[in-house]
1. Kindly provide the set of residues from the range 138-166 that are within 20 Å of the chain's Cα centre (by Cα), more than 22 Å from residue 222 (Cα to Cα) and part of a loop (DSSP other than H, G, I, E, B), ordered by number.
2. Would you pick out the residues in the range 288-303 that are at negative phi and assigned to a strand (DSSP E or B)?
3. Regarding the range 229-250, can at least one residue be identified that is touching a residue at least 60 places away in the same chain (Cβ under 8 Å) and out of contact with any strand residue (DSSP E or B) (no Cβ under 7 Å at 6 or more places or on another chain)?
4. Scan the strands (runs of 3 or more DSSP E) fully inside the range 308-369 and keep the ones with 2 or more residues being touching a helix residue (DSSP H, G or I) at 6+ places or on another chain (Cβ under 8 Å), within 18 Å of residue 256 (Cβ to Cβ) and at pLDDT 95 or above.
5. Looking at the range 372-389, which of the residues that are touching a residue at least 60 places away in the same chain (Cβ under 8 Å) and assigned to a strand (DSSP E or B) is surrounded by the fewest Cβ atoms within 10 Å (Cβ to Cβ)?
6. Going by the conditions given, is residue 93 buried (at least 21 other Cβ atoms within 10 Å of the Cβ) and closer than 21 Å to residue 242 by Cα?
7. How many of the residues making up the range 107-126 are in contact (Cβ under 8 Å) with a residue 60 or more places away in the chain, closer than 26 Å to residue 238 by Cβ and surrounded by fewer than 23 Cβ atoms within 10 Å (Cβ to Cβ)?
8. Can you find even one residue in the range 199-219 that is out of contact with any strand residue (DSSP E or B) (no Cβ under 7 Å at 6 or more places or on another chain) and either in a helix (DSSP H, G or I) or more than 25 Å from residue 316 (Cβ to Cβ) (or both)?
């Protein structure tokens with residue numbers, strides 16, 4: 001009987017009408033089986049038992065640190081943030097520690113910049129360096145989590161952290177000089193230990209960054225007012241981001257940026273952001289190639305995307321490559337959401353972006369297009385590392401309003417191949433598609449022009 005079943009399965013897989021991407025989706029259960037939430041001992045450590053006091057005047061950084069140390073020293077458990085507002089600086093998690101916020105709890109992160117020094121090993125825009133500590137940070141830890149229904153408030157405004165981004169024509173007191181110096185260090189292969197930044201450099205920290213960790217989870221919390229990227233797991237394995245509510249509209253306020261990670265699940269989240277809702281990354285230019293770790297096996301499902309540059313983006317810091325991304329059952333809509341799916345790279349970034357699948361997505365409206373592939377992003381053709389995008393498939397995408405369906409810009413020598421959209425409908429289409437140096441087909445799709 002088993003032999004007969006095996007023969008039937010092989011025949012089914014070989015059936016001509018079964019498209020390759022349908023076989024690819026069969027990987028999802030296997031990926032999900034490897035993604036498991038971390039488990040913590042049933043021990044609670046309330047931060048108020050270690051000196052934390054509610055109110056916006058008392059700095060609770062040291063008290064929270066003592067609670068984490070006690071929890072980790074006892075073999076793990078939950079560090080509890082009870083109802084109230086607690087002012088804090090950076091929080092550094094340790095293995096087997098879950099930071100849990102009561103639904104009426106708020107952690108307000110200090111706008112005293114010096115509180116986030118000394119510098120820690122981090123990344124700024126996907127280039128490794130030592131910089132201000134992320135607000136919640138872990139390096140090389142196992143079994144860590146941030147959970148609960150409470151709020152993480154970064155208190156970033158145009159008068160503090162966000163001012164460091166700078167505006168056109170303004171260089172003083174902004175990140176511009178330090179950012180250029182860091183990028184040059186990466187080109188010159190300066191050892192990371194020597195890439196030191198801090199006071200006077202104005203490189204904004206990310207909100208949550210878990211670096212080189214395993215078995216991590218962010219679940220349920222509300223994130224507001226971030227200085228930069230909001231959830232940024234780097235070189236992590238087994239990552240869950242679930243039920244998180246992110247509303248933060250500052251510059252570069254990406255919602256979730258898994259970077260050079262493997263086996264990632266992002267589900268049931270709300271993203272209302274100042275940049276890409278989700279942006280998958282794997283290092284920038286020479287630094288990304290030096291590390292050489294792709295992002296692999298990412299599942300995004302049952303999420304809601306509102307404002308943002310893209311619902312799901314891959315790049316532009318994608319020099320390490322990316323493969324096996326599965327996006328399904330999401331709702332996207334906003335006049336300030338540029339597109340549903342966006343791939344971005346150039347001849348300086350390079351990277352192979354392959355096996356990207358999106359299905360069963362309902363789009364109310366987008367500001368530019370449904371699918372963007374931009375290989376002329378920033379440096380454009382100025383480089384020797386030709387980017388590749390292959391096997392990009394969208395299916396059952398329903399769009400109520402979009403200026404155009406496609407905005408795809410390649411260039412000779414780069415590869416954009418086997419891009420397919422199946423069984424989808426696009427309404428209120430107002431402009432012609434942009435299609436340059438790319439192999440793209442729409443199959444069994446309906447387009448309704450704007451009235």
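1. If the condition is that a residue be within 20 Å of the chain's Cα centre (by Cα), more than 22 Å from residue 222 (Cα to Cα) and part of a loop (DSSP other than H, G, I, E, B), then 140, 141 are the ones that fit.
2. Listed by number, the residues that qualify are 295, 296, 298, 299, 300, 301.
3. Yes, the conditions are met somewhere in the range 229-250.
4. Passing ranges, in order: 322-328.
5. It comes out as 372.
6. So residue 93 passes the test.
7. 2
8. Looking through the range 199-219, at least one residue is out of contact with any strand residue (DSSP E or B) (no Cβ under 7 Å at 6 or more places or on another chain) and either in a helix (DSSP H, G or I) or more than 25 Å from residue 316 (Cβ to Cβ) (or both).
The values are calculated or read from the model by the stated rules, or taken from the named source; none is laboratory data. Quick caveat: nothing in here was measured; it's all calculated off a predicted structure. Neighbour counts are summed over all protein chains in view; Cβ atoms, including those assigned to glycine, are modelled from backbone coordinates with ideal geometry.
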